[in-house]
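*Asks:* Handing you this structure, nothing more for now.
Throughout, read-outs are computed from the coordinates displayed, never taken from laboratory work. Just so you know, these numbers come straight off a predicted model, no measurement behind them. With ideal geometry, Cβ positions are generated from the backbone for all residues, glycine too; neighbour counts draw on all protein chains shown.
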Amino acid sequence: MKCLLNADGATSGSVPLEPEMIQSIHTIFVELFEIKPERLTPQAKLFEELGLDSLDAIDLVVSFERVFKIKPPHSEVRDIRTLSDVYSLVQRYYGLENVAAS
Amino acid sequence: MKRRVVITGAGFVSPAGVTCQEIFAFLSVGKSAVRRRPELSKVFGVQSDLCAPVEDFDEKDFPRQWRRSMSRISLMAAAATQSALARAGWDEKLTQSSRTGLSFGSTMGGTSAIEKAFRALFETQAFEGFLSTTFLQIMSHTAAANLATAFGIQGRMLASCTACASSLQSIGFAYENIKYGLSDAFICGGAEELHGVMVGVFDTMKATSMQFLNCFSSTPRPFDTTRDGLVVGEGAGTLLLEERESALRRGAPILAEVLGFSTGSDGGHMTNPSREAMARVMQEALLDAQLSPHQVDYVNAHATATPVGDVAESHAIYQIFGGETPVSSLKGSLGHLMGASGVIELGACLGMLENEMAMHTQNLRETDPACAALDYVKSEPRPMKLNTVLKNSFGFGGVNASIIIRKAIS
């Protein structure tokens, strides 16, 4: 799985994730948090609309580690509010991990 | 200050039913909860593949926010608690008071979650994928913690982890808290989930029944001369205990009154029971209830059908009650439901009080001459005047507990 990167090799929030990565994120939400796929829109608010709480946020990060092999710091995880923020977080750290690996 | 304590609600998840009446009916017609599960011996290499499972429990009945931290043990406990509170006509607002406590026990945490978590941990040698909610499923007080969270408990939380005495201790501690004015109501009981590890532990100790694999409803055989061990089971049970006056004020159904309780330790051996210690605890429960032995109509024994345990308990009962008081064990029918055994068997006793009938010991045909000369109720339930019952539960580590209940008197 490859993340789309900017020309300088850095990730950007303006660059979309590959569909298969979005699907992988959605799979986490469906399997772990039992949220119906049709509710998983980029604007969906994790806590107010999808019903997650702080315990779920921790397990979301654990799932990122398992699925994407990334370990975003909790200080950044605390700031995510919407599913779009999740995409950006995964994109940013997946990109960094892959740049470091290459 | 000593206050009277009553039982106003009871709910169960068990191989024999979900209400006192269902469990009573199951027992009274001589049904057996024992089943063969060949996968036990295939996966865990145990010699006895007998168990007493709950076969019709739907774990998906609860919201995800409950289930994420619940193993099967907590899910069964939650279902039993929902049922008990509903039957008690308990208002949710009463739960959300610092005067309402929770006392709930088990031998272990969620054993299926323990297996899953530690299998992955030791195979990968890494915490990757170890969810935060996993630990909440496996910690030793997982049932109590999950119930407190799910039902909004704000009062005292007690979590006895005293093996097979867990749930009777939980009820006793709840009773003492209310009796001495520390709380006004308590949700209490215990649970256990079936797992091959639990069967294997008793198998290793040569305490499981192995001679009746081909006629498995014929075992366990408490007090019988051919008994050869216990059958491990699972379940959950919850009672609601309330201070009597406040229960009467709210018009609660009074199922029975708790008159006395005591618990103590052998202080000798981990697994070899002490008849003196058992007798001492029964005597102390009588003192607490301010009753003499002849005022107890029936003794519900712990008797698991192990060679050593039944002999010790029978002599302890004889020492206190002599040979005139009717005695039986329910494990011949139910198996040994471990941390849930005390509360589920006490639930059956509530059914006995209501029906004025002492239940028989299933599979007791010929009493072991090594057991004391008690009045064993065998073959069939015995109709009788039944007002007061003493119930025993004993656990590994030499922990003993006895509780006395009486039919509600208006």
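*Asks:* Going by how many other beta carbons lie within 10 Å of each one, how would you line up B:Leu102, B:Leu75, fewest first?
*Replies:* The order, fewest Cβ neighbours first, is B:Leu75, B:Leu102.
*Asks:* Further, regarding this structure: Have a look at the DSSP beta bridges in chain B and tell me what percent are antiparallel, nearest 5.
*Replies:* Once the DSSP bridges in chain B are tallied, antiparallel ones form about 70 percent.
*Asks:* Further question on the same structure: What is the distance, in nm, between label points placed 7 Å from the Cα along the Cα-to-Cβ direction at A:Val30 and at B:Ile409?
*Replies:* Modelled inter-label distance: 6.4 nm.
*Asks:* Hey, another quick one. If Lys and Arg each add +1 and Asp and Glu each add -1, what is the summed charge of the other residues whose beta carbon sits under 13 Å from the beta carbon of B:Ala16?
*Replies:* That works out to -2.
*Asks:* Something else now. Gap in Å between the Cα centre of the stretch B:1-65 and the Cα centre of the stretch B:91-154?
*Replies:* 20 Å
*Asks:* If you stretched the chain out fully between B:Ser292 and B:Glu276, how much longer would it get, using 0.36 nm times the residue separation minus the C-alpha to C-alpha distance?
*Replies:* Here the answer is 3.9 nm.
*Asks:* Still on this structure: Kindly put A:Tyr93, B:Tyr180 in sequence by how many other C-beta atoms sit within 10 Å of each C-beta, fewest to most.
*Replies:* Ordered from fewest to most neighbouring Cβ atoms within 10 Å, A:Tyr93, B:Tyr180 come out as B:Tyr180, A:Tyr93.
*Asks:* Give me, ordered by chain and number, the residues 5 or more places off B:Ser69 or on other chains with an amide H under 5 Å from its own placed amide H.
*Replies:* Those lying under 5 Å, H to H, from B:Ser69: there are none.
*Asks:* Under the rule of at least 5 residues apart or a separate chain, name every residue whose amide H is placed under 5 Å from the amide H of A:Thr82.
*Replies:* A:Leu46
*Asks:* If you don't mind, another one. Summing -39500 (n - 2.57) over the DSSP H runs of n ≥ 4 in chain B and dividing by its residue number, what mean residue ellipticity at 222 nm do you reach, to the nearest 500 deg cm²/dmol?
*Replies:* -10500 deg cm²/dmol
*Asks:* For chain B, which span is the longest to avoid every loop-located (per DSSP) member of GluC sites (Glu not before Pro) having at most 16 other Cβ atoms inside 10 Å?
*Replies:* It works out to B:129-323.
*Asks:* By the scheme Lys and Arg +1, Asp and Glu -1, what is the net charge of all other residues having a beta-carbon under 9 Å from that of B:Ser209?
*Replies:* Within the 9 Å Cβ shell, the charges total +1.
*Asks:* May I pose another question? I need A:Val86, A:Val61 ordered by Cβ neighbour count within 10 Å, fewest first.
*Replies:* Arranged by neighbour count, lowest to highest, A:Val86, A:Val61 become A:Val61, A:Val86.
*Asks:* Could you pull out every residue, at least 5 positions away or on a different chain, whose amide H is within less than 5 Å of the one on B:Ala358? Hs are placed 1.01 Å off N in the peptide plane, and Pro or chain starts have none.
*Replies:* HN-HN under 5 Å from B:Ala358: B:Arg382, B:Met384.
*Asks:* From the square roots a ≥ b ≥ c of the eigenvalues of the alpha-carbon gyration tensor of the stretch B:186-248, which class results: rounded (a/c under 1.5), prolate (a/b over b/c), or oblate?
*Replies:* prolate
*Asks:* For B:Glu115 and B:Cys215, what is the calculated FRET efficiency with R₀ set at 22 Å and r taken between the beta-carbons, to the nearest 0.05?
*Replies:* 0.10
*Asks:* Does chain B come out rounded, prolate or oblate, given a ≥ b ≥ c as the square roots of the eigenvalues of its C-alpha gyration tensor, rounded meaning a/c under 1.5 and, failing that, prolate meaning a/b above b/c?
*Replies:* Oblate, because a/c is 1.5 or more while a/b does not exceed b/c.
*Asks:* How about B:Lys385: which aspartates and glutamates have a C-alpha closer than 12 Å to its C-alpha, ignoring those fewer than 8 places off in the same chain?
*Replies:* B:Asp297, B:Glu354, B:Glu356
*Asks:* Oh, and also: Quick check on the stretch B:23-75: take the gyration tensor over C-alpha atoms, sort the square-rooted eigenvalues as a ≥ b ≥ c, and tell me if it's rounded (a/c under 1.5), prolate or oblate.
*Replies:* It comes out oblate by the Cα gyration axes.
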